[in-house]
Amino acid sequence: CNNAVTAYIGLGSNIGDREYQLNRAVELLKITEKTQVTLVSSYYNTAPVGYEQQPDFLNAVVEIRTSLSARELLSVCSGIEKELKRERIIHWGPRTIDLDILLYGCNIINDTDLVIPHPRMHERRFVLEPLNEIAPLVLHPVFNKTINEILEGFYE
Ligand SMILES: Nc1nc2nc(S)n(CCO)c2c(=O)[nH]1
């Protein structure tokens, strides 16, 4: 039986109207079948990690309850990314939005195209801070540490 799980989605945008993009992504998650949005973090302005020569990001994390499978949730996330890339308002030019599945209950998935928990979430302050804001005591199923413990142990 496919009972609901609590999942966490990371949102990030660094081109165009970043706040609009994040708001739209949350709206689209809210109308997703078999899914409720239960918590939305604050929006954090963050310096780009990885490739520095790009604009700052606006990041957030959303908590959902969903009876979608992890794969169904993955296609919902890429569907929202596509929809927002299409909803271009010309004067803003390209828009980017990323939706990353961070956690899916306490499931561990290591498929070629789907790795959950997100493999870099524990190294990303731009994920840990918003996630800690809404779910500090959630356990990371691989490290068996709470988000708060991972963030506290994180210096950078
Ligand atoms: N601060 C920050 N840096 C990033 N580098 C990449 S790639 N991304 C995209 C992650 O999916 C980000 C991001 O969302 N925020």
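The values are calculated or read from the model by the stated rules, or taken from the named source; none is laboratory data. Quick caveat: nothing in here was measured; it's all calculated off a predicted structure. So basically every Cβ, Gly included, is an ideal-geometry build from the backbone, and we count neighbours across all protein chains shown. Quick note on the areas: whole protein, heavy atoms, side chains included, nothing else; ligands and nucleic acids left out. Shrake-Rupley method; radii C 1.70, N 1.55, O 1.52, S 1.80 Å.
In the stretch 28-156, Cα pairs under 8 Å separated by at least six residues give a relative contact order of 21 percent. Under the convention that each Lys and Arg Cβ holds +1 and each Asp and Glu Cβ holds -1, the size of the dipole of the chain around its Cα centre is about 380 debye.
When the residues Thr35, Thr6, Thr112 are ordered by accessible surface, computed with a 1.4 Å probe over the protein chains alone, the sequence from largest down reads Thr112, Thr6, Thr35.
Working from label points 7 Å from Cα in the Cα-to-Cβ sense, the Leu114 to Lys30 distance is 2.7 nm. As a fraction of the 1.4 Å probe accessible area of the chain, surface on carbon and sulfur atoms comes out at 53 percent.
Note on Glu149 and Glu52: the model spin-label points, each 7 Å out from Cα along the C-beta direction, lie 3.3 nm apart.
From its DSSP helices (H runs of at least four residues, each -39,500 (n - 2.57)), the chain gives a residue-normalised ellipticity at 222 nm of -9000 deg cm²/dmol. Here is the list for the stretch 27-118: GluC sites (Glu not before Pro) lying in DSSP coil, each with at most 16 other C-beta atoms within 10 angstrom of its C-beta, are Glu33, Glu52, Glu87. For the residues Asp100, Asp111, Asp17, a GNM of the chain with alpha-carbon springs under 10 Å puts the largest fluctuation on Asp111. Accessible area per residue for the chain, computed on protein heavy atoms with a 1.4 Å probe, is 54 Å². The longest stretch of the chain left intact once loop-based chymotrypsin sites (Phe, Trp or Tyr not before Pro) with at most 11 other Cβ atoms within 10 Å are removed from consideration, loops following DSSP, is 52-154. The gain in end-to-end length when the Cys106 to Lys85 segment is fully stretched comes to 4.5 nm, 0.36 nm per residue minus the alpha carbon separation.
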